[in-house]
Amino acid sequence: MTDPLTLFWLTSFSLIFLLLTSVVLLRNRIEFTPLASETDRPIDDPRVSICVPARNEQNNIERLLSSIVNQSYSNIELLVLDDFSTDATPEIISRFKKEYDGTFISVPAVEAPRGWLGKPWACQQLANHASGKIILFLDADTAPYPGLVQHTVNAFSTYALDMITVWPEQELKSFWEKTVVPLIYYALVTLLPAVYVYRPPRWLPKFLRKHIAPKFAAACGQCIGFTKEAYNTIGGHKSVRNEVVEDVALAKHAKSKGLTLRMFTGINSIRCRMYRSEQEIFKGLRKNFFAGFDRFMPVFILMGLIHIIVFVLPFFTLPYSIYMQSHALTFVSIGSITLILLHRFILAIWFRWNPLYGFFHPLGVLWFQRLAFNSIVDHLLGRKAIWKDREV
């Protein structure tokens, strides 16, 4: 058993880490605003091209298409590409096209050229047919509220944006959805000040801002939009044609070109149910977890160790400290656990989740360690992840 002094210092690191991330979380709670707060109507009503790539989405596509055709904003065109689905997706798309032929465009799919991944190629095909001044890409598992497009147009106008990304309300129903998915948002709002995606940190010297700006790039591909001019400036999805995490890569390209990007939450604007089972979550995240770290093994392993020390260790050191009658270790353990649960409570109230699942935070972290181990093995053995019956 590790001696109490070593455990004290490790748990003290946990407490300090959590105190620092508390500052980021509280700042984001103020500055990471809902897209729905953009209510002022812009001077003009630019045409918006809504682009939806769909592969094997029979459980989701009908809800999405119904939500789009019921938007309060009228100047839209809807482009949908069935990416060689093997389920009922084509039939559902065909039915909607017949009913809403005036604004509904079914883009015929073409096999991806060499060097392209499936989703970037599908999005590029959609963009090639888009006529709108604004191009908005939506994943098939999302469901916009009636005001999404209007709020998006307002945000482009209000902040003079070139690119926008929205993190949807995540609908969590099964145990593993409620345990695992919130950790994605937790990492986002505790590690990245959202305002730095919009503008560089003011504490950075001016000569460093342009170079550092792409380091603060982040995006959610479930809902991501561009002015058509900005999309062409970064080279469209062709510039990220072989990227698994294409949304973040697009954001990096935009910021490296000096374009203006802002993130919003999708509260009251758009919701999403990404996965429906633990197996789906594992397969879905397995394809891009390691890629999200640019496949840089040292940082990937370091972050795994930090997460174990910060979010798992205090739950073990607390009973151990009581047994050993180590008051200092008890203090830092209780402090760390209190902050973890407080963070999760804030997150749950913010994104409308069940706060009781904050108690399963260590379990969620250990689940991600299992995912990380499998991702490393995949990388070392050269194994490709499978998603939607395709290698990624």
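The values are calculated or read from the model by the stated rules, or taken from the named source; none is laboratory data. Bear in mind the structure is a predicted one, so any value in this text is a computation, not a measurement. Don't worry about glycine lacking a Cβ; one is built from the backbone with ideal geometry, like all the others, and counts go over all protein chains shown. The protein model used for the area step is the full one, side chains on, heavy atoms only, and it has no ligands, DNA or RNA in it. Shrake-Rupley method; radii C 1.70, N 1.55, O 1.52, S 1.80 Å.
Computed over the chain with a Gaussian network model linking Cα atoms closer than 10 Å, the most mobile of SER336, SER94, SER157 is SER94.
Calculated from DSSP H runs of 4 or more alone, at -39500 (n - 2.57) each and per residue, what is the 222 nm mean residue ellipticity of the chain, nearest 500?
Numbers: 16 runs with 194 residues, N = 392.
The per-residue figure over the chain is -15500 deg cm²/dmol.
For segment 226-372, the equivalent ellipsoid built from the Cα gyration tensor has semi-axes of 37, 19, 16 Å, listed from largest to smallest. Modelled spin-label separation between ASP389 and ASP87, with each label point placed 7 Å from Cα along the Cα-to-Cβ direction: 1.1 nm.
Cross-link partners of LYS238 among aspartates and glutamates, defined as those whose alpha carbon lies under 14 angstrom from its own and excluding same-chain residues fewer than eight positions apart: GLU246, ASP247.
I'd like to check one number: the per residue accessible area of segment 184-269, probe 1.4 Å, reported in Å² as a whole number. Before the final figure, lay out the partial values.
Working: 3630 Å² over 86 residues.
Dividing the accessible area of segment 184-269 by its residue count gives 42 Å².
Efficiency by 1/(1 + (r/R0)^6): what FRET value for ASP101 and LYS210, r their Cβ-Cβ distance, R0 = 45 Å, to the nearest 0.05? Working shown, then result.
On the way: r = 47 Å, r/R0 = 1.04.
Computed FRET efficiency for ASP101 and LYS210 comes out at 0.45.
Taking the accessible area of the chain, probe 1.4 Å, and keeping the other protein chains in place, the carbon and sulfur fraction comes to 60%.
What does the extension gain come out to for TYR159 and THR6, with contour length at 0.36 nm per residue minus their alpha carbon separation? Provide the component values of the computation, followed by the final result.
On the way: separation 153, 0.36 × 153 = 55.08 nm, distance 4.94 nm.
Length gained, TYR159 through THR6: 50.1 nm.
Using a cutoff of 8 angstrom between alpha carbon atoms and counting only pairs six or more residues apart, the relative contact order for segment 267-364 works out to 19 percent. When the chain is treated as a Gaussian network with alpha carbon springs shorter than 10 Å, the biggest mean-square fluctuation among GLU246, GLU111, GLU169 belongs to GLU111.
Note on LYS173 and ILE16: the extension gain reaches 53.2 nm, defined as 0.36 nm multiplied by sequence separation minus the Cα-Cα distance.
For a distance above 27 Å, tell me the whole-number percent of Cα pairs in segment 125-270 that qualify. When every Cα pair of segment 125-270 is considered, 22 percent fall beyond 27 Å.
When DSSP assigns beta bridges and you keep just the ones with both residues in the chain, what percent turn out antiparallel, to the nearest 5? Provide the component values of the computation, followed by the final result.
Working: 13 of 36 bridges.
The antiparallel fraction comes to roughly 35 percent.
The slack in the chain from LEU380 to ALA187, taken as 0.36 nm per residue of separation less the alpha-carbon distance, amounts to 66.9 nm. Using the Cβ-Cβ distance between LYS257 and ASP45 with R0 set to 35 Å, the FRET efficiency works out to roughly 0.85. Matching the structure-derived Cα extents along the principal axes in Å against the labelled list [x] 73, 49, 41; [y] 74, 45, 38; [z] 84, 51, 48 gives the label [y].
Pairs of Cα atoms nearer than 8 Å and 6+ residues apart set the relative contact order; for segment 1-84 it is 32 percent. Of all lysines in the structure, those lying under 27 Å Cα to Cα from LYS178, and not within fewer than 8 positions of it along the same chain, are LYS119, LYS283, LYS287, LYS388.
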